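Below is one structure, written out as structure tokens, with a few remarks after it.
A short reminder: the numbers here are calculations on the coordinates, not readings from a lab. Only a predicted model underlies this, so the values are computations on that prediction, with no experimental measurement involved. Methodologically, a virtual Cβ is constructed for each residue, glycine included, from the backbone with ideal geometry; neighbour enumeration extends over all protein chains shown.
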Amino acid sequence: MLVLVLASGMAFLDGTVVNVALPSIGADLGADVAGLQWTVTAYLLTLSSLILLGGSLGDRYGRRRVLLVGAVAFAVASAGCALAPDVPTLVAARAVQGVGGALLTPGGLAVLQASFAPQDRARAIGTWSGLTGVAGAAGPVVGGWLVAWDWRAVFLLNLPLAAAVVVLGLRHVPESRSPERAPSLDVPGAVASAVGLGGLTYALVAGPEGGWGAPSLVAAAVGVVGLAAFVLRERRTPHPVVPPSLFSSRVFTVVNVGTFAVYAALGGVMLLLVLQLQVSLGWSALAAGAALAPSTLLLLLLSGRSGAAAARTGPRLPLVVGPLVAAVGVALLAGVGPGDTYPVDVLPGVLLLGAGLVVTVAPLTATVLAAAPDALSGTASGVNNAVARSAGLVAVAALPAVVGLTGAAYADPALLTPAYRTATLVCAGLLALGALVALVGVPRGRLDDVAPRD
């Protein structure tokens, strides 16, 4: 469990820890909004587009082996980020980091599914979800502390963590493979998904800055064609990277739709809240990051119990109530502006957001895995993680453009505050949509009732 939390937590941590460093990166390297977006989205792009392949590689060649290779790649790329002299180099290194994360994340859950007895899995998944959720939620706190010294230290943090994963993984993690693994990998399918996501991401980031010229429109068209080709490929190839049979489960499909809505909201909030606190309220990076500490504490203390409770009562109730509570918290945070104080104006929203995540995250993960055959646990985990990371990718790429935040506007409180408020309310709406999807699509009953039947 320690190795799996360190491995997956490293990938989750880097999805949020960089957000609090963005103003410092922008000032040091002279980046505009597009440069900061690419610093975030380059990582999410390769992570989300290759995480499906990462799950299949683990099922085929050994989940521990792929996880450890991912840890090494992640460490090397992190060193490249820390040494980057300019924005293009930083973005390239972040993209390589995403490749490592794509190998780390699905392998961790698949190892957990293969290593724990069925009666212990729900609590184990709850513990894993809570602790890795803490890693993601702790990102702004840790990032703020490190940025006070140097933003490059945000990336150097990964080196000792990756070393611990490799050393402990070799000694304590059992190797496992899928007995029903395909005889060959669906490389064309993985390439098509990467091209599709890459094209759309480039269009969403570059389009608003360049006035939607020919390059952005071409990239958008390439993205649409790539994703369409991916869907067609998966339906026709005998050995797909994403077996269509997974989606024969209504619960699996519905929960992944809800995952997209919830994680798109979280991606937007985590990006914009720390900017708002630093730029418009004048807080330090450490203070802005520490503002989210109560959410981290709630996840740490309660997520294991949340997973166990969902196993007893069924996933429908927590998957409806959790996003709604988080939506109320995000709606409260939308009102944060210049002159506000932490206890009165920020803390209530942070507490409600954390409580909503506690109720949501572990049951969501447990439901996805319960709805898939054990032999496809790595692939199912990869699909759900791909959906979550793609959601964050789309939110970070699209939200600034939707609310008119372009160029150097992020550094001007008069321009940032109204854009932040509109974007945050959109995120609250996405969380409410996630609750509605669960209400309509997740059946009543215990977690065991969603498991596939022979």
Unit charges at the beta carbon, dipole of the chain: most positive-side option, Met10, Val274, Phe247: Phe247
Two-site label geometry, Thr422 and Glu175: point separation in nm, points 7 Å out along Cα→Cβ: 5.5
Inter-label distance for Leu436 and Trp145, nm, one decimal - labels placed 7 Å from Cα along Cα-to-Cβ: 4.1
Principal-axis tilt of helix 250-275 within the chain, Cα atoms, nearest 10 degrees: 20
Centroid-to-centroid separation of the range 354-404 and the range 222-245 [C-alpha atoms, Å]: 20
Full-stretch length increase - Thr341, Ala411 - with 0.36 nm per residue and alpha-carbon distance subtracted: 23.2 nm
Modelled FRET efficiency - R0 35 Å, Arg444 with Ala117, Cβ distances, 0.05 increments: 0.85
Sequence-separation-based contact order of the range 186-240, relative, with Cα cut under 8 Å and 6+ spacing, percent: 47
Sorted peptide list for 246-257, 261-272, 48-59, criterion being average Cβ within 10 angstrom, highest first: 48-59, 261-272, 246-257
Cα-only radius of gyration and Dmax that characterise the range 1-46, units Å: 12.9, 41
Charge dipole (debye, nearest 20) of the chain; +1 at Cβ of Lys and Arg, -1 at Cβ of Asp and Glu: 1220
Highest-first arrangement of 380-393, 281-294, where packing means the average Cβ count within 10 Å: 380-393, 281-294
Given charges at Cβ of Lys, Arg, Asp, Glu: the chain dipole, positive-most of Gly58, Gly356, Val320: Gly58
Largest-first principal axis extents of the Cα set of the range 316-454 (Å): 60, 32, 22
When the chain is reduced to its Cα atoms, the Kirkwood hydrodynamic radius in Å: 21.5
Kirkwood hydrodynamic radius over Cα pairs of the range 207-309, then Stokes diffusion coefficient at 20 °C and 1.002 mPa s, in µm²/s: 117
Principal-axis tilt of helix 33-61 within the chain, Cα atoms, nearest 10 degrees: 10
Positive-end residue of Ala311, Ala229, Tyr43, charge dipole of the chain with Cβ unit charges: Ala311
Overall form of the range 267-319 per C-alpha gyration tensor (a/c, 1.5; a/b vs b/c): prolate
Contour excess over end-to-end distance, with Cα ends at Ala221 and Arg250 and 0.36 nm allotted per residue: 7.4 nm
Degrees between helix 187-210 axis and first principal axis of the chain (Cα, 0 to 90, nearest 10): 10
Chain lengthening between Ala293 and Val187 when straightened (0.36 nm per residue, less Cα-Cα): 34.1 nm
Computed [θ] at 222 nm, helices only, for the chain once each DSSP H run of length n ≥ 4 contributes -39500 (n - 2.57): -26500 deg cm²/dmol
Relative contact order [Cα under 8 Å, 6+ residues apart], the chain, whole percent: 25
Simple spin-label estimate for Leu232 and Ala92 in nanometres, 7 Å along Cα-Cβ: 3.4
Rg ratio (alpha-carbon, reference 2.2 N^0.38 Å) - the range 186-240: 1.26
Centroid-to-centroid separation of the range 288-326 and the range 4-46 [C-alpha atoms, Å]: 25
Residues Ala164 and Tyr61, FRET efficiency given R0 of 22 Å [Cβ-Cβ distance, rounded to 0.05]: 0.45
